[in-house]
Amino acid sequence: MSRFFRLGLTGWPLAHSLSPRLHQAALQACALDGEYRLYPIPPLPAGQAALAHLLDRLRQGELDGLNVTIPHKRSVLPLVDFLTPAALATGAVNTLFRSGEQIVGENTDAAGFWSDLEDQASKLIPSGLLHPGKALVLGAGGAARAVVYALCLHGWQVTLLSRRPAQAQQVAEDLARFTPAPIALAQPLDEAATQLAGLPFDLLVNTTPLGMQPHAADSPWLE
């Protein structure tokens, strides 16, 4: 009798998510039986009990694995037993799985972002090579942590800009061991955008929820 995998995604909101279609196709491609469901849980503190209950289901074997998206990539940290090196370095988790009776938190965002960036560079840059440069990262949540980690790991000078400057500063401090160390700007994003628009950044990365449903038509960058 073949094993049946029960997988899913938690976050808020999730109505726009293509994850079930993506992962159901992956299961089929790997000739595995299983299902991939959405588990929408509102931001903390309202979703605290529901998030803890969902991870208990994973720990007890009712679920085999979960992906984690906005706004819970850091909310799950106190609820896991072990963090992989990437999750520990970024301070954010996007994948949960069970090892024995323990829940392991993993971060595949950093590797996934870098892989896609290299792929895009191979199409857009004449040499096809992606050399370290200057990057401006918008946002300071879990996705931003992964992006900053990946860029710093490959020698980029990263500047962080968020509507919450204190949160951006915390990301910069947490990843300060890199050379060059990331820099967090003290101004809120909307105040600094005009000032920064003319500066010579090689890369602009949007990690904010703006641009995703239900704000697909919005941009954090001024027109």
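Observations
- Wholly within segment 90-207, strands (runs of 3 or more DSSP E) carrying at least 1 residues that are small (Gly, Ala, Ser): 95-99, 102-106, 134-138
- Residues that are more than 26 Å from Pro214 (Cα to Cα), surrounded by 14 or more Cβ atoms within 10 Å (Cβ to Cβ) and in contact (Cβ under 8 Å) with a residue 60 or more places away in the chain are absent from segment 38-61.
- Checking each residue in segment 37-59 for being touching a Phe, Trp or Tyr at 6+ places or on another chain (Cβ under 7 Å) and assigned to a strand (DSSP E or B) picks out only Pro40.
- Selected residue (criterion: nearest to the chain's Cα centre (by Cα)) from residues of segment 71-89 that are of a type in the set (A, V, I, L, M, F, W, C) and not in a helix (DSSP H, G or I): Val76
- Exclusive hit being at pLDDT below 95, within 19 Å of the chain's Cα centre (by Cα) and not acidic (Asp, Glu), set Leu14, Leu44, Leu9: Leu14
- Figure legend. Inter-residue proximity from segment 167-184: first residues within 16 Å of Arg74 (Cα to Cα), second residues open to solvent by less than 60 Å² (accessible area, probe 1.4 Å) and basic (Lys, Arg), beta-carbon distance below 7 Å, spacing 6+ or different chains. Indicated pairs: Val171/Arg145.
- In the condition set (1) over 28 Å from Gly8 (Cα atoms); (2) surrounded by 13 or more Cβ atoms within 10 Å (Cβ to Cβ); (3) in contact (Cβ under 8 Å) with a residue 12 or more places away in the chain, Ala121 is compliant with all but (3).
- Some residue of segment 104-121 being in contact with an Asp or Glu (Cβ under 8 Å, 6 or more places away or on another chain), of a type outside the set (Asp, Glu) and at pLDDT 90 or above: yes
The values are calculated or read from the model by the stated rules, or taken from the named source; none is laboratory data. As the structure is a prediction and not an experimental result, all values here were calculated from the model. Note that each Cβ is placed from the backbone with ideal geometry, even for glycine, and that neighbours are counted across all protein chains shown. Quick note on the areas: whole protein, heavy atoms, side chains included, nothing else; ligands and nucleic acids left out. Shrake-Rupley method; radii C 1.70, N 1.55, O 1.52, S 1.80 Å.
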